[in-house]
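Trainee: Sharing a structure below in structure tokens format, with a few things to ask.
Just so you know, all these numbers are worked out from the coordinates, no wet-lab data involved. As the structure is a computational prediction, the values presented were derived from the model and not from experiment.
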Amino acid sequence: MKPTLKSDVKPGRAARGACAVLLAACTWVPIFPAWAQERPPAAGTTTPPGAQHPAPAAETAAPAAAQPPAPIRDTAQAQAALDAAGRERERLQAQLRTEEEACRRRILVSDCVAAARQRNRAALKQVKAREVEARAVQREAAARDASRSRAETLEERDRDAPAREREHAEAAQRQAERLQAHEREQAQRAADAAAHAAAGAEARARLERRQQDLERRQAEARERDAAAAANKARYQERQREAAQRNAEHDRSVAARRAQALERDARRKAEQAERDERARGKAAGAPAPGS
């Protein structure tokens with residue numbers, strides 16, 4: 001927001017201020033702003049009691065014509081000029097603030113502030129022109145240095161061209177040798193890999209043959225075990241059949257023996273009975289001639 005200046009007041013107050021100025025002038029009463037009344041006297045001078053300090057020279061008289069600065073000839077002067085311009089900018093800004101503050105204590109504030117700002121812009125224009133000149137000198141010096149450096153680089157490159165060419169040729173030869181060695185190493189690795197793959201394939205084939213042989217032997221063993229089990233079962237069956245036949249034969253023999261014994265016993269009993277009847281008959285028959 002733009003600050004309100006003391007000149008932006010009502011017409012009545014401006015008229016009263018103008019009357020006060022005229023009255024002070026008629027009665028020889030000095031009217032100065034506070035900053036002018038508080039300025040210390042210059043060195044070697046004395047101010048009598050009741051006397052007032054004069055207004056600033058910038059407000060009472062036009063500034064003296066400034067001497068044109070010496071032309072800048074090298075980068076050191078250019079850097080010094082830039083440093084001085086920076087300090088001058090800071091000083092001008094501080095001076096502008098001081099003058100604006102002093103103008104706000106006066107009656108015609110807008111004109112005073114405008115004049116201070118106009119002086120500040122003129123001084124800054126001179127400072128900027130000095131900065132432009134210094135930077136131009138720096139750019140020219142940098143361009144000369146860059147051109148000289150490029151020329152030296154080209155000269156050194158031309159001077160070192162044979163050595164660089166030899167180095168490039170040697171580097172190319174070393175690169176070719178490394179490439180050949182790498183190719184030989186790759187070929188050897190490929191041969192080793194092929195031999196390893198062949199050995200692996202042979203080992204897998206032997207393992208498969210061994211596995212097949214093992215499976216075949218296991219199958220044959222299972223077949224032999226099955227045949228042995230079947231033979232054992234048939235043998236056990238024949239044994240059972242033989243045992244049954246033997247048991248039946250034994251029973252048949254026992255039965256025939258029992259029958260023979262029974263027939264013998266019957267025959268013996270019948271013979272005994274006949275013998276008994278024959279003895280009985282012989283005992284009961286009368287003697288001959290009785």
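Trainee: Hey, what's the Cα Rg ratio for the range 203-290 versus the globular rule of thumb, 2.2 N^0.38 Å?
Mentor: Values: Rg = 36.9 Å, N = 88, 2.2 N^0.38 = 12.1 Å.
Rg over 2.2 N^0.38 Å, computed on Cα atoms: 3.06.
Trainee: Something else about it: Under 1.5 on a/c is rounded, so check that first for the range 137-207, then, if it is not, pick prolate when a/b is larger than b/c and oblate when it is not; a ≥ b ≥ c are the square roots of the alpha carbon gyration tensor eigenvalues. Each step should come with its number before you reach the end.
Mentor: Values: a/c = 16.30, a/b = 3.74, b/c = 4.36.
Judged from the Cα gyration tensor, the range 137-207 comes out oblate (a/c at least 1.5, b/c at or above a/b).
Trainee: OK, next. Straight-line reach from Lys268: which aspartates and glutamates have Cα under 18 Å away, leaving out those fewer than 8 places along the same chain?
Mentor: Filter leaves Glu276.
Trainee: Name the shape class, rounded, prolate or oblate, that the alpha-carbon gyration tensor gives for the range 113-261, where a ≥ b ≥ c are the square roots of its eigenvalues, rounded holds for a/c under 1.5, and otherwise prolate holds if a/b is larger than b/c and oblate otherwise.
Mentor: Details: a/c = 27.08, a/b = 3.47, b/c = 7.79.
Cα axes put the range 113-261 in the oblate bin.
Trainee: Could you quote the convex hull projected area for the range 94-173, Cα atoms only and averaged over all directions, in nm²? All intermediate terms of the calculation are to be shown ahead of the outcome.
Mentor: Details: hull surface 35.3 nm².
Over all viewing directions, the range 94-173 projects a mean Cα-hull area of 8.8 nm².
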